[in-house]
Amino acid sequence: MALPSAWSEVRVGILLLSALSLLSARLVGAGQDSGSVIPAESRPCVDCHAFEFMQRALQDLKKTAYNLDTRTETLILRAEKRGLCDCFHAIH
């Protein structure tokens, strides 16, 4: 029961990251259409900041996936143990 909830959290995170990247792409495009051109040397590196943001987001998703995987394994082992204990008590 916890597994579908976990996958929905991961999906929401991916959708959020996609929406943020689309929004940032639109903002960058809107800034370029304004008419005044700023030399590349004086502009902040938007690509670098976007890359760092996406890298941190990916690390967070990896941590979340690892935590969900660990929790899933724990729940599966607990269910198997419970099943074995129930089976053992039924025999004796």
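Values in this text are rule-based calculations from the coordinates and carry no lab data. Note that this is a predicted model, so its numbers are computed, not measured. Note: ideal-geometry Cβ built from the backbone for every residue, glycine included; neighbour counts use all protein chains shown.
Numerical summary
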read-out: Phi-based couplings in Hz for region 47-62 (Karplus 6.51, -1.76, 1.60; Gly and Pro marked x); value: 4, 5, 5, 5, 5, 5, 4, 5, 5, 5, 5, 5, 5, 5, 5, 5
read-out: Listed peptides 49-57, 75-83 by packing density, highest first (mean Cβ within 10 Å); value: 49-57, 75-83
read-out: Environment charge of LYS63, counting only residues whose C-beta is closer than 12 Å and scoring Lys/Arg +1, Asp/Glu -1; value: 0
